[in-house]
Each structure stands twice: as C-alpha cells, then as structure tokens.
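Some notes on the structure that comes next.
The values are calculated or read from the model by the stated rules, or taken from the named source; none is laboratory data. The shown structure was predicted, so the numbers you read here are calculated from the model rather than taken from an experiment. When we count neighbours, we look across all protein chains shown, and the Cβ atoms used for this are built from the backbone with ideal geometry, even at glycine.
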Amino acid sequence: MHLKLWHDLLQLLEGSLSREAIALWLLPVKPLLASREKLVLEVPNGLHERIVRERYLGAIGRCARALTGAAMEIDFVAAPSDPAPPPHAPPPPPARGRRAAAALNPAYTFDDFVVGSCNRAAYRAALAAADRPGKRHNPLFIHGGVGLGKTHLLQAVGARVRGRGPRSFAYAPADALMDELLEAIRGGAVASVKKRLSSVPILLVDDVHSLAGKNQIQEEFFSLFTSVLGRGGQVILSSDRPPKEIPRFQQRLVSRFESGTMIELKKPALSTRLAILGRKAKRLGLSLPRPILMLLASEIRSNIRRMEGAVNRLAAQATIGGGIPGREAVEALLRNDLLGGDAQAVTTRGIQQRVASHFQLRTGTLLGPSRSGRVVFPRHLAMYLCRRLVNSPYADIGAAFSGRDHTTVMHACAAVEELLRRNGDARELVDRLITAIRS
Ligand code: ADP
Ligand code: MG
C-alpha cells in the first residue's frame, strides 16, 4: 500500500515538479509505511529531510490528499546509517537561488538510451560531441516534444565525460542557469560566473525555450555561449521546439543556434517503444510478457516518460501483489491511470471543456471571438494545456481554437509559462486542472 501510494504520488508530482527535482530529492526517498492518516518516509540524511520538508512537503501533502481524499500527516525518519554523500552528490543549495550546475541522473547514460530511427541522429551527434568536443556539430541543438529524451541525451554527455577531469563539463537546465545569472547580476558577480562557466570544455544547457522573452538573460547567455565557442568548447542545447519557433527570442541567438547542427527527436516507432519498455522493465527486475509489452506500446505512443511511469507502476503492483500483472490489470491501469491512455485520453476537446467549465464559460465562448479578460486568460490557459498535455503542433492547436494562427498559440503559451514562473497560485491552478483533465 505504501509503495503504491508513493508511486502514485510521484506520478502526480511529475505534473508540478521538475524532472530534476524529482530525481534529485524524491527518488531517493523510501516509503516505509502508510496508514489512512499517515505516511512515513525514509530519507537518506538530515539535509535531505530538510530540503524535502522545505520545498516539497506542501506538494506531497496536496497530492496525497488528491489521491486519498483525506489530509495526511507526513513523517520522516532517517535511514539507519547516515552515509557520507557520494563524491558527485550535489552541494547543498544556497539559501537563495540555485547553482546552475545541476547533478546528473545516474540513469541517463548512452548505454541506457535505446536507439531507433526517431533518435539515432541525435544520439550519434551527442556521442560525437562528447568524444570530440568542439570538432563537429557545434553548437548542437536537440529539439523535440516532452519526454522524448532531450535531458537524457544531454546528461549522457555529462556522464560520459565526467571522468576526464574535475571541470570537464557543466550541465544546467536553462532556468537554473537563468537564476544563477540573475543572482550574479544583482550581486555584481556576473563576470566571474560567466568566466567559470565558459572555461568548461562542454557546456550543456537544457530547455533553452525557457529563456523566451528574457531579454537581459538572453544577452548574458549570448555572451557566455560565444565565449565557450570562442575557446573551442562544445555547446549542446535542448529545447522543446526549433530556435526560430521560440517566441521572443533574439534573432542573433536563433542564427547562432541554427549555424550548428539542429536535430529533432521524433516520436518513437512501435519497435523502439517495445525496446524501451523492455529495457525499463528489465532495469526494475520485471519481466513482462510480450503481449503486455505490446499493449503498453500500442497505448502509450508519444511520451517515453509515460512509458516509464507505466512500467514503474506495474513494478510496484508486482511487488505488492507478488506477481506480474495480467492483461486486465494493465488495461485498468491504462484506463484509470493518471498516465492516461496517452494522447487518446487527453484530447484538445477534453481540455477545452474542462477549462471552460472551471471558469464557468461555455466552450463556444472560450473558442469564440471574445477578447474580454474573462475569456482571454482561460483561452490562453487552454492552449497552453493542449501544448503541454497533448503535445500537438502550434498550428494544430490554433486550428482547434476556431482557426487561430500558430503565432497566437505560441504567444499564449509563452505568456502562460511566464505567469507560471512568477506565480505559485497559477501553478497550483494548472496542477489542479491537469489532475482533473487526466483523471
Ligand atoms: P525530455 O527531456 O525530452 O522531456 P527526458 O530526457 O526527461 O525527456 O526523457 C523522459 C524519460 O524517458 C526519461 O526517464 C528517459 O530516461 C526516458 N527516455 C527517453 N528516451 C529514451 C530512450 N531512447 N531510451 C531509453 N529511455 C529513454
Ligand atoms: Mg527534459
């Protein structure tokens, strides 16, 4: 029960926390016990407990309530021995801001990356950049939808070169880098931060689309980026879309990104999905019969993270129930699960209806021509959710909103992303809507 609850919680938390936050702070937590009112979690050490308490307790509590329907007390106990942190453990974060150099997820290696026609070009280019930095594919720009392996590939480069020296690379999600640069600007230390970051042979910046609209940061980023390239260093970037589709992005950045190698990660074909599912299951010690793999591979098509989520669930069920779940259990999982049956379960139409009803509008009004603030914000939010949950191209989303233009959708998504960055209540609202849409 506690294992399943924790797995469910992690799934739900994926809607509101970054992959990195979950990997760094929540995956190391072990559920020990759960009753109707209490969940006991084992944490590796006191520091870990403090960070989980300070940053994630609220979200864990909210998700626990969403899952069980009742308020739950959450208790922590330290693991029996309080081991010294491993050599590559992230340093404790400073009180303000984050350090840009983030820790790597040990599961994200080239060996663990399943290669198919959807991702072969990106895999090869990343490997070549790791082995001969700065020689070809520089900068290397990898783009593609959510859950298709961008972070995995960037971190695989870091993992591969880590042994070459203490500062053989720097990996950072763009928003963490942005926080660090902003903090440095405020503290008058931007030059030294840029100097430190530009001295690495390989700079890996994940999710650069989150720099959209951040003019001052784009300036700093441009100069950091050119100084790494100028020293013969390798730059690898990822984004959820090609450079020229990133809204409010400086043209010179677009041109520099486009001057290197740009590669798209596509959705995996059936055979690749089967291979990925098999690999993930094997990692968890779960041997799934082929018909079950086929069922999962045919239902979950466009997001590898969801495949992984499904396999994690099945592994948890196998641990609890003591056996490999049968077809009915898997069908139920796909039907009821927060994972949804992928794009089929979460549709543009479903999102429009849910958002309209949340704001007490008729769907026709949401889609119609009204420019009143009461309607425009919900409309933007619905577009954003379509992009995030259905992952359709902007043009398709525009078409589904009474034939609006793709640039309208891009601006709407950027505006909502900006709001979410600034406003915790908006994030909470979006989380709740996502939970409702997926359930
Ligand atoms: P993105 O950054 O593009 O949103 P991630 O890199 O976080 O996606 O990938 C989502 C999950 O899917 C990760 O757990 C990752 O290990 C897994 N994954 C993605 N692509 C592959 C692949 N080709 N082989 C194995 N696992 C993959
Ligand atoms: Mg990512």
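Couple of notes before you dig in:
- Residues located in the range 31-49, provided they are part of a helix (DSSP H, G or I) and modelled with pLDDT of 80 or more: Glu49
- Residue count for the range 14-54, restricted to those that are touching an Asp or Glu at 6+ places or on another chain (Cβ under 9 Å), within 16 Å of ligand 2 (Cβ to nearest atom) and of a type outside the set (S, T, N, Q): 3.
- Residue list for the range 26-43, filter: crowded, with 18+ Cβ neighbours inside 10 Å and over 17 Å from Ala316 (Cβ atoms): Val43
- Residue match in the range 140-157 (condition: away from ligand 2 (no atom under 16 Å from the Cβ) and farther than 29 Å from Ala412 by Cα): no
- Output for the range 148-200, where each listed residue is of a type in the set (Gly, Ala, Ser), assigned to a helix (DSSP H, G or I) and over 30 Å from Ala269 (Cα atoms): Gly163, Ala176, Ala184, Ala191, Ser192, Ser198
- Among the residues of the range 169-192, those identified as more than 16 Å from ligand 2 (Cβ to nearest atom), closer than 20 Å to Ile236 by Cβ and modelled with pLDDT of 90 or more are Phe169, Ala170.
- Residue list for the range 225-241, filter: away from ligand 2 (no atom under 16 Å from the Cβ) and either in a loop (DSSP other than H, G, I, E, B) or closer than 30 Å to Leu389 by Cα (or both): Arg231, Gly232, Gly233, Val235
- Residues of the range 112-156 satisfying the condition of being within 11 Å of ligand 1 (Cβ to nearest atom) and in contact with a Lys or Arg (Cβ under 8 Å, 6 or more places away or on another chain): Asp112, Val114, Cys118, Asn119, Ile142, His143, Gly144, Gly145, Val146, Gly147, Leu148, Thr151
- With respect to being among the small types (Gly, Ala, Ser), within 12 Å of ligand 1 (Cβ to nearest atom), over 29 Å from Leu203 (Cβ atoms) and surrounded by 15 or more Cβ atoms within 10 Å (Cβ to Cβ), Ser239 falls outside the description.
- Note on the range 50-80: residues that are surrounded by fewer than 18 Cβ atoms within 10 Å (Cβ to Cβ), of a type outside the set (Val, Ile, Thr), touching a residue at least 12 places away in the same chain (Cβ under 8 Å) and assigned to a helix (DSSP H, G or I) total 6.
- Remark: pairs (first residue in the range 146-174, touching a residue at least 60 places away in the same chain (Cβ under 8 Å) and at positive phi; second residue part of a helix (DSSP H, G or I) and surrounded by fewer than 24 Cβ atoms within 10 Å (Cβ to Cβ); Cβ separation under 6 Å; 6+ apart in sequence or on different chains) = Gly147/Arg305.
- Failed item, numbered, when Gly364 is tested on (1) more than 22 Å from Ala212 (Cβ to Cβ); (2) in contact with a helix residue (DSSP H, G or I) (Cβ under 7 Å, 6 or more places away or on another chain); (3) at pLDDT 85 or above: (2)
- Residues in the range 201-220 that are in contact with a strand residue (DSSP E or B) (Cβ under 8 Å, 6 or more places away or on another chain) and outside any strand (DSSP E or B) were compared, and the one that is farthest from ligand 1 (Cβ to nearest atom) is Pro201.
- From the options Arg248, Arg283, Arg305, residue that is of a type outside the set (Asp, Glu) and closer than 30 Å to Gly188 by Cα: Arg248
- Pro28 falls short on exactly one of the conditions (1) without any contact (Cβ under 8 Å) to a residue 40 or more places away in the chain; (2) assigned to a helix (DSSP H, G or I); (3) within 23 Å of the chain's Cα centre (by Cα), and that condition is (2).
- Under the condition of being touching a helix residue (DSSP H, G or I) at 6+ places or on another chain (Cβ under 6 Å) and either under 21 Å from Ser223 (Cα atoms) or away from ligand 1 (no atom under 16 Å from the Cβ) (or both), the residues counted in the range 157-172 number 5.
- Matching residues in the range 116-130 - criterion: being crowded, with 17+ Cβ neighbours inside 10 Å and either within 16 Å of ligand 2 (Cβ to nearest atom) or outside any helix (DSSP H, G or I) (or both): Gly116, Cys118, Asn119, Ala122, Tyr123, Ala126
- Single residue of the range 261-313 satisfying the filter (of a type in the set (Ser, Thr, Tyr) and either more than 19 Å from Val146 (Cβ to Cβ) or free of Cβ contacts under 8 Å to residues at least 40 places away in the same chain (or both)) that is nearest to ligand 2 (Cβ to nearest atom): Thr261
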